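Q: There's a structure below that I have some questions on.
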């Protein structure tokens, strides 16, 4: 008697991978204080752990200075100060923060974050609009949230973060 192959897994092909990609969104994740953040992976250019920051006189408080990335001068935005986090607790000094290079390739910025996480794929149906109040975070910079087991992923608004690097509110 011949066996039926109904229970065998279907061989993965490019079309099934496209379906999976269409059902998930990928985020580069990072931490600042107790908060867990993400940026869409397509908005992240690179992560660089140690770049020297040169202070800029008369810059807004959230601008830590500028960094030189292979000859390109980028504005270094202190994430905690920009989005209104309470920095009275123990946070790392600016020199120890990681540089997450993000934005448009013609005018990127360096977002200074405390700790780098992983690239995470999140099902699109788990991504929600942000609540009216997120403790200690200015809602202007929050695009969405995703409830994960044990923590909340705060998805930042890339456009607002970039606009903040060009002008003061």
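Q: So, residue 100, is that one in a strand (DSSP E or B) and at pLDDT 95 or above or not?
A: Taking the combined requirement at face value, the residue satisfies it.
Q: While we're on this one: Give the residue, chosen from 69, 111, that is touching a residue at least 12 places away in the same chain (Cβ under 8 Å), under 15 Å from the mean Cα position of the chain (by Cα) and within 20 Å of residue 50 (Cβ to Cβ).
A: Sole residue among the options that is touching a residue at least 12 places away in the same chain (Cβ under 8 Å), under 15 Å from the mean Cα position of the chain (by Cα) and within 20 Å of residue 50 (Cβ to Cβ): 111.
Q: Still on this structure: Does the stretch 151-161 contain at least one residue that is over 27 Å from residue 23 (Cβ atoms), free of Cβ contacts under 8 Å to residues at least 40 places away in the same chain and either touching a helix residue (DSSP H, G or I) at 6+ places or on another chain (Cβ under 9 Å) or assigned to a helix (DSSP H, G or I) (or both)?
A: Scanning the stretch 151-161, I find no residue that is over 27 Å from residue 23 (Cβ atoms), free of Cβ contacts under 8 Å to residues at least 40 places away in the same chain and either touching a helix residue (DSSP H, G or I) at 6+ places or on another chain (Cβ under 9 Å) or assigned to a helix (DSSP H, G or I) (or both), so the answer is no.
Q: Of the conditions (1) assigned to a loop (DSSP other than H, G, I, E, B); (2) over 25 Å from residue 55 (Cα atoms); (3) touching a residue at least 12 places away in the same chain (Cβ under 8 Å), residue 135 fails just one. Which one is it?
A: Residue 135 satisfies all of (1) assigned to a loop (DSSP other than H, G, I, E, B); (2) over 25 Å from residue 55 (Cα atoms); (3) touching a residue at least 12 places away in the same chain (Cβ under 8 Å) except (3).
Q: Scan the stretch 51-59 and give yes if some residue there is free of Cβ contacts under 8 Å to residues at least 12 places away in the same chain, in a loop (DSSP other than H, G, I, E, B), within 26 Å of residue 130 (Cα to Cα) and out of contact with any strand residue (DSSP E or B) (no Cβ under 6 Å at 6 or more places or on another chain), otherwise no.
A: The answer is no, given that none of the residues of the stretch 51-59 is free of Cβ contacts under 8 Å to residues at least 12 places away in the same chain, in a loop (DSSP other than H, G, I, E, B), within 26 Å of residue 130 (Cα to Cα) and out of contact with any strand residue (DSSP E or B) (no Cβ under 6 Å at 6 or more places or on another chain).
Q: From the list 85, 79, exactly one residue is in contact with a strand residue (DSSP E or B) (Cβ under 7 Å, 6 or more places away or on another chain), under 20 Å from residue 153 (Cβ atoms), surrounded by 11 or more Cβ atoms within 10 Å (Cβ to Cβ) and at pLDDT below 90. Which is it?
A: Answer to the selection: 85.
Q: A further question on this structure: Return a yes/no flag: does the stretch 106-125 have any residue that is outside any strand (DSSP E or B), at positive phi, at pLDDT below 95 and touching a helix residue (DSSP H, G or I) at 6+ places or on another chain (Cβ under 7 Å).
A: Checked the stretch 106-125: no residue is outside any strand (DSSP E or B), at positive phi, at pLDDT below 95 and touching a helix residue (DSSP H, G or I) at 6+ places or on another chain (Cβ under 7 Å).
The values are calculated or read from the model by the stated rules, or taken from the named source; none is laboratory data. Remember, predicted model here, so these are calculated numbers, not experimental data. Ideal geometry is used to build each Cβ from the backbone, glycine not excepted, and the neighbour counts take in all protein chains shown.
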